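Below: one structure, written as structure tokens.
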């Protein structure tokens, strides 16, 4: 048994007492091929300091063997010894057989440190040296995807998938789906999903596939994929709004509400779920549930104007006029939506507070002066208030929009 084998056995048996001695003996007496294998194994086991000693010894014995310099540099870069590692790599000449390996190590280092363009430049140099090397093409595709060059990435992925379906642990079909989606090619992405859905084992890929199928209107397939995501990981909170949306498209309010309630159990801060759940509950005539969802949602997100407006509409529908007005009591007029002014006008009118009702109608008017329903309600209010001038002006505007309304025409004629 070589000294290198003895050293590896002792490390795997957690006996480190003879490590220095065995390493010295190995360096003095083992063949270079055995030492090279020892360095590789030490690196894999995480004993990089010992591996560096082996590579340094090999470099001393074989100074022209640049591959050992590349391996040593890679360990140095991973251990944070960047200056010496890069110095070794840049010392490898372009004529060296190890130059390509050095470029790949440099590309990996620069990518890891966020220098995407520099990493890409190294890979492009490598591709010139090895134009048929798929590992380089895959690296370029990944860099293009990361930097938003989706068309270039797509071309590379499409080339790679002609020869293999996976690269390392990466499913190339998943990459094609994601890249097409980024480019807005949803139909192309959907076609891949339909043909290869069984190979989408990664939960994030299933989620992205569900998003794509939702975008192309295939709600049933979106539901299938998103259900798989939730079954696999019930706390995957981003899946719940999409699943609820798919059920909403199918007008399945019961499933929307069920999905919302399940999603809120994992993420009570999701404002979208409160809104969707309230709509579904209202469609099911479960008005107490709708109100409860909206009130809880506003407690979590008091600045959400959509939730506030939904609750205002619900209060108005249920003649809860005091609650409706309270919703906006802490807001200045300029920070209140025109629809809120309209809603409050109706509530104040029902509460016989004509002065405030008049004010709210007038505040809402600029935004709704082309809305026949609003004008009709405002006309009836000012008519009851015996304000013929404003009533007549409103009637003129209304009849321009709805000339066939004979009842309003008669009211105008009688003024």
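Using the alpha-carbon atoms, what tilt in degrees (0 to 90, nearest 10) does helix 271-283 show relative to the longest principal axis of the chain? Relative to the chain, helix 271-283 is tipped by roughly 40 degrees. Take the Cα of residue 231, step 7 Å toward its Cβ, do the same at residue 112, and the gap between the two points is 4.0 nm.
The label-point distance for residue 164 and residue 31, in a model that sets each label 7 Å from Cα toward Cβ, rounds to 3.0 nm. For the pair the range 347-415 and the range 281-316, the centres of their Cα atoms are 29 angstrom apart.
Distance between the C-alpha centres of the range 136-203 and the range 30-63: 38 Å, rounded to the whole angstrom.
Once you compute Rg and the Kirkwood Rh from C-alpha atoms, what is the Rg to Rh ratio for the range 89-209? Taking Rh as the inverse mean 1/r over Cα pairs, Rg/Rh reads 1.03. Taking each residue as 0.36 nm, the span from residue 20 to residue 406 lengthens on full extension beyond its C-alpha to C-alpha distance by 128.5 nm. Stretching residue 299 away from residue 40 to a fully extended chain increases their span by 87.4 nm, per 0.36 nm per residue minus the current alpha-carbon distance.
Shape analysis of the range 151-219 places it in the oblate category; the axes a ≥ b ≥ c from the Cα gyration tensor give an a/c of at least 1.5, with a/b not above b/c. For the chain, modelled as a GNM with alpha-carbon contacts under 10 angstrom, which of 224, 206, 61 fluctuates the most? Comparing 224, 206, 61 in a Gaussian network model of the chain, the most mobile one is 61. The helix-only estimate of mean residue ellipticity at 222 nm for the chain, built from DSSP H runs of length n ≥ 4 each weighted as -39500 (n - 2.57), is -23000 deg cm²/dmol after division by the residue total. If R0 equals 41 Å, the separation of the Cβ atoms of residue 147 and residue 95 corresponds to a calculated FRET efficiency of about 0.85. For the peptides 127-139, 30-42, residues were scored by their other Cβ atoms within 10 Å and the scores averaged per peptide; the highest-first order is 30-42, 127-139. Comparing mean-square fluctuations of 142, 208, 25 from a GNM of the chain with C-alpha springs under 10 Å, the top value falls on 25. Compute the angle between helix 32-45 and the longest alpha-carbon principal axis of the chain, please, reported from 0 to 90 degrees and rounded to the nearest 10. Orientation of helix 32-45: about 30 degrees from the principal axis.
Normalised by residue number, the volume inside the convex hull of the Cα atoms of the chain is 235 Å³ per residue. In summary, the range 369-414 shows an alpha-carbon radius of gyration equal to 0.98 times the 2.2 N^0.38 Å reference for compact globular proteins. Please work out whether the range 3-85 counts as rounded, prolate or oblate from its C-alpha gyration tensor, where a ≥ b ≥ c are the square roots of the eigenvalues and a/c under 1.5 means rounded, while otherwise a/b larger than b/c means prolate and anything else oblate? Because a/c hits 1.5 or more and a/b fails to exceed b/c, the range 3-85 counts as oblate.
Packing-wise, with mean Cβ within 10 Å as the measure, how do 358-370, 238-250 rank, highest first? Walk me through the numbers before you get to the answer.
Details: 358-370: 17.3, 238-250: 21.7.
So the order, starting with the most tightly packed, is 238-250, 358-370.
Can you classify the range 179-218 as rounded, prolate or oblate using the Cα gyration tensor, where a ≥ b ≥ c are the square roots of its eigenvalues, rounded means a/c under 1.5, and otherwise it's prolate if a/b beats b/c and oblate if not? Cα axes put the range 179-218 in the prolate bin. All Cα-Cα distances of the range 206-297, cut into 10 Å bins from zero to the largest, leave 20, 51, 27, 3 percent in each bin in turn.
Between helix 354-368 and the chain there is an angle of about 50 degrees, using the helix long axis and the longest principal axis of the Cα atoms.
The numbers here are math on the coordinates, done by the rules we state, and not lab data. Remember, predicted model here, so these are calculated numbers, not experimental data. With ideal geometry, Cβ positions are generated from the backbone for all residues, glycine too; neighbour counts draw on all protein chains shown.
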